[in-house]
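This report concerns only the one structure given below.
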């Protein structure tokens, strides 16, 4: 993809229509900070639906990229509800902010897992954007390419049949490395975020929600995200997608 230089969004922007007071108050604090420490190159905003619920699916490289992901969406009139690890909701202050702004906790490997899906379905049916990192955690791929995704996004997409917009981002890892503790805001870092056209899943809607269908849908989303990242980076991803399993029972 040709590079015309950073697209800087520094002027005040209207608060997204579907943002509550807490969301707007958090944005008043966080957005100026992000404007000061980043140089933004945002593309593909025409692919973000102007109305109706949709899923925004992005790659995940570092603990700071949820902020750059949300910044991209917020400044384009969208207040995303991010699927976040339930453990974050127990962290003082962070948990309060997540709850007040309507973020959705993800309960993995527990009887409460279905609650996360139901909350996301309800948000989409209400017309919200649900933001998802399909990998479920920071990529373990050595060169920060997207790894195999979890099938939760497929179940959500095929259940609701809303658009799934793939989004690739690059540069947040320069603010905070994948496993680093040292934040590097100086000098300001270039953050590139690119949205692509919705992933075509229509032929899967009437198929049974078995493992083959869920894996096929998930892989289509990951392929779209990876393709966008290849354009940003100007290089090809590995031919074989990296697979990481942490759960002792072999669940990805």
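The values are calculated or read from the model by the stated rules, or taken from the named source; none is laboratory data. As the structure is a computational prediction, the values presented were derived from the model and not from experiment. Note that each Cβ is placed from the backbone with ideal geometry, even for glycine, and that neighbours are counted across all protein chains shown.
Among the residues of region 147-168, those that are in contact with a helix residue (DSSP H, G or I) (Cβ under 6 Å, 6 or more places away or on another chain) and over 17 Å from residue 53 (Cα atoms) comprise 149, 151, 168. Sub-9 Å Cβ pairs linking a first residue in region 142-159 that is in contact (Cβ under 8 Å) with a residue 12 or more places away in the chain and on the phi > 0 side of the Ramachandran plot to a second residue that is surrounded by fewer than 23 Cβ atoms within 10 Å (Cβ to Cβ) and not in a helix (DSSP H, G or I), at least 6 apart or interchain, are 144/62; 144/170; 144/178, ordered by first then second residue. Scanning region 147-168 for residues that are touching a strand residue (DSSP E or B) at 6+ places or on another chain (Cβ under 9 Å) and farther than 14 Å from residue 223 by Cα gives 152, 156, 157, 160, 162, 163. Would you tally the residues in region 105-146 being in contact with a helix residue (DSSP H, G or I) (Cβ under 8 Å, 6 or more places away or on another chain), farther than 22 Å from residue 48 by Cβ and at pLDDT 95 or above? Of the residues in region 105-146, 2 are in contact with a helix residue (DSSP H, G or I) (Cβ under 8 Å, 6 or more places away or on another chain), farther than 22 Å from residue 48 by Cβ and at pLDDT 95 or above. No other residue among 68, 62 is part of a helix (DSSP H, G or I) and buried (at least 17 other Cβ atoms within 10 Å of the Cβ) apart from 68. Taking the condition modelled with pLDDT of 95 or more, in a loop (DSSP other than H, G, I, E, B), surrounded by fewer than 20 Cβ atoms within 10 Å (Cβ to Cβ) and more than 17 Å from the chain's Cα centre (by Cα), does residue 5 pass? The answer is no for residue 5. When every residue of region 36-44 is checked against the conditions, none turns out to be in a loop (DSSP other than H, G, I, E, B), surrounded by 14 or more Cβ atoms within 10 Å (Cβ to Cβ), in contact with a strand residue (DSSP E or B) (Cβ under 9 Å, 6 or more places away or on another chain) and modelled with pLDDT under 95.
Can you tell me how many residues in region 191-212 are farther than 18 Å from residue 132 by Cβ and surrounded by 15 or more Cβ atoms within 10 Å (Cβ to Cβ)?
Qualifying residue count, region 191-212: 2.
Residues in region 179-226 that are in a loop (DSSP other than H, G, I, E, B), under 27 Å from residue 62 (Cβ atoms), within 19 Å of the chain's Cα centre (by Cα) and modelled with pLDDT of 95 or more: 196, 197, 198, 199.
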